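Encoded as C-alpha cells, the structure appears first; notes follow it.
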Amino acid sequence: MIAFLSAALAINGAALGFTYLARRFLLRLPMPGIWLLVIVLLAIVLTFYAAEATLS
C-alpha cells in the first residue's frame, strides 16, 4: 500500500510539475486543451498501472 501511494504521488507530482514547467509551450500549441487532457490521461493510466503492479 505504501509503495502504491508513493508511486501515485510521484506520477501525479511529475505530471503536475511537467504541466507547470511547460505551460507556456503548451499554450502556444494548437488546441492546448487536448494536450493537457493527454497529460492528465497519461497520469491516470500510469497510476492504474502502478496500482496493478503493487497491489496485486
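The values are calculated or read from the model by the stated rules, or taken from the named source; none is laboratory data. What you see is a predicted model, and the numbers here were worked out from it, not measured in a lab. The protein model used for the area step is the full one, side chains on, heavy atoms only, and it has no ligands, DNA or RNA in it. Shrake-Rupley method; radii C 1.70, N 1.55, O 1.52, S 1.80 Å.
Which of the residues belonging to the range 16-56 are open to solvent by less than 100 Å² (accessible area, probe 1.4 Å) and not aliphatic (A, V, I, L, M)?
Gly17, Thr19, Arg23, Pro30, Pro32, Gly33, Thr47, Thr54
Could you please find all residues in the range 13-34 being under 12 Å from the mean Cα position of the chain (by Cα) and of a type in the set (A, V, I, L, M, F, W, C)?
If the condition is that a residue be under 12 Å from the mean Cα position of the chain (by Cα) and of a type in the set (A, V, I, L, M, F, W, C), then Ala14, Ala15, Leu16, Phe18 are the ones that fit.
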